[in-house]
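One structure is given below, encoded as structure tokens.
The values are calculated or read from the model by the stated rules, or taken from the named source; none is laboratory data. Computed from a prediction, not measured in an experiment: that's the story for all the values here. Glycine also receives a Cβ, built like all others from the backbone with ideal geometry; neighbour counts cover every protein chain displayed. Remember, those area values only see protein heavy atoms, side chains included, never the ligands or the DNA or RNA. Shrake-Rupley method; radii C 1.70, N 1.55, O 1.52, S 1.80 Å.
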Amino acid sequence: MPKFRTLDDLEVEGRRVLVRVDLNVPMKNGKVADSARIDRQAPTIRELADKGAKVIVLSHFERPKGKVVPSMSLKPVVPALSKAVRKPVAFAEDCVGEKAKAAVSKLNNGEVLLLENTRFHAGEEANDPDFAKQLASLGDIYVNDAFSTAHRAHASTEGLAHLLPSAAGRSMQAELEHLHKALGDPVHPVMAVVGGAKVSTKIDLLNNLIAKVDVLAIGGAMANTFLAAEGRNVGKSLYEDDEFDTARTIVSAATDAGTVIILPSDVVVAKELKEKTRHRVTDVFGVKDDEMILDVGPDTVQEFANRLLTTATLVWNGPLGAFETPPFDKGTIAAAKAVAERTKEGRLVSVAGGGDTVAALSQAGVTNDFTYVSTAGGAFLEWLEGRELPGVAALEQGD
């Protein structure tokens, strides 16, 4: 487990604490439409404020590309953030310069201030040292609680950690601890579930997992490429014929590593991807030329459930079918419920992440039944790929 400081290691009373969070949340009609990400990071802000810190919150919002774009201001997020941290949150119309300094100077112990979108400055995404120093001048301590941005080497996610005493916030801490349990030092046997549309986008992920897990279950449209590479007829299904060699290489590497690959044995097919369209279940040898594979079948789900009986740790990224369009959500939902049941029984450590995965687990109603569900998106995927995350590495090196 990488060593990094947490809030337990900090003396924050009376200190100015810069807290990097991720407030890049969905908005509708000028209001936060989904506060899940805010709710996860609010405990860190509350704890620091309760300990008497002057809490200065940093975040980006969308992609203004280094320019001030009024529609991308963080100001509309203030009400939702105030509600989540259970106290008023002040707002500064810039994250550096005189406006930021003046707002920080007015802070009393235990108060919270949100600075304007860091990406309104080109120095943020460029990780410009001078911009990082301007941010650092506003605080005495740096806390990163935004694992979802940890794969970006930006000034507020990486540069600051080298300029101030740094630590991980509670959300970042929980993420790193659970990810370590999932792949860093897991209890075996370990099974990985990987779904999604394209093999080409998950080559690094699959290659990294092969060396670390005992069983690799592949679903979603990417499984079609593996089936077609084996000579199966996948009809009009989405697949990548230019990745057949890649699929065969991955299967061969898994064999060499002693990793079992599970592909669908039966599938749900239809002539069109449309809600409530006519569909049928067939084994993988029975797909017709005018049909598309849109979900895994009941036998595949049962095999998956049987595998869970001898699995101690599971990591999941990607749905098993076109879950957004019923009835092609049944396979993913059934598999998710099987994982949730084993987890609730205390027999399985289950960690899942990725935007579609989070949505699918929410649809299945089992988000709270997994050991941990990451909302980090790209950072979670890069961690699964075995890449070093700059924001995490910087905390490990922090003073």
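Summary of computed values
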item: Two-site label geometry, residue 137 and residue 368: point separation in nm, points 7 Å out along Cα→Cβ; result: 4.7
item: Accessible area of the chain belonging to carbon and sulfur atoms, whole % at 1.4 Å probe; result: 48
item: Surface accessible to a 1.4 Å probe, per residue, for the residues of the stretch 297-399, Å²; result: 39
item: Of 3/212; 276/344; 51/99; 31/99, those spanning more than 29 Å from alpha-carbon to alpha-carbon; result: 276/344
item: Tail weight of P(r) past 19 Å, computed on alpha-carbon pairs of the stretch 322-399, percent; result: 46
item: Structure-based [θ]222 nm, the chain - -39500 (n - 2.57) summed over DSSP H runs of at least 4, per residue, nearest 500; result: -10000 deg cm²/dmol
item: Sequence-distant lysines (8 or more away, or on other chains) whose Cα lies within less than 18 Å of residue 236; result: 198, 271, 274, 288
item: Segment residue 98-residue 288, length gained on full extension (0.36 nm per residue, minus Cα span); result: 61.7 nm
item: Inter-label distance for residue 198 and residue 302, nm, one decimal - labels placed 7 Å from Cα along Cα-to-Cβ; result: 3.6
item: Accessible surface, the stretch 1-147, averaged per residue in Å² (probe 1.4 Å); result: 47
item: Separation between Cα centres of the stretch 61-81 and the stretch 102-176, rounded to whole Å; result: 16
item: Summed side-chain charge close to residue 386 - residues other than residue 386 whose Cβ falls under 15 Å, Lys, Arg +1, Asp, Glu -1; result: -2
item: Cubic angstrom per residue, convex hull over Cα atoms of the stretch 137-255; result: 135
item: Rounded if a/c under 1.5, otherwise prolate or oblate - the stretch 1-150, Cα gyration tensor axes; result: rounded
item: Antiparallel %, DSSP beta bridges [both residues in the chain], to 5; result: 20
item: Relative counts (whole %) of C-alpha pair distances in the stretch 240-301, using bins that are 10 Å wide; result: 21, 35, 34, 10, 1
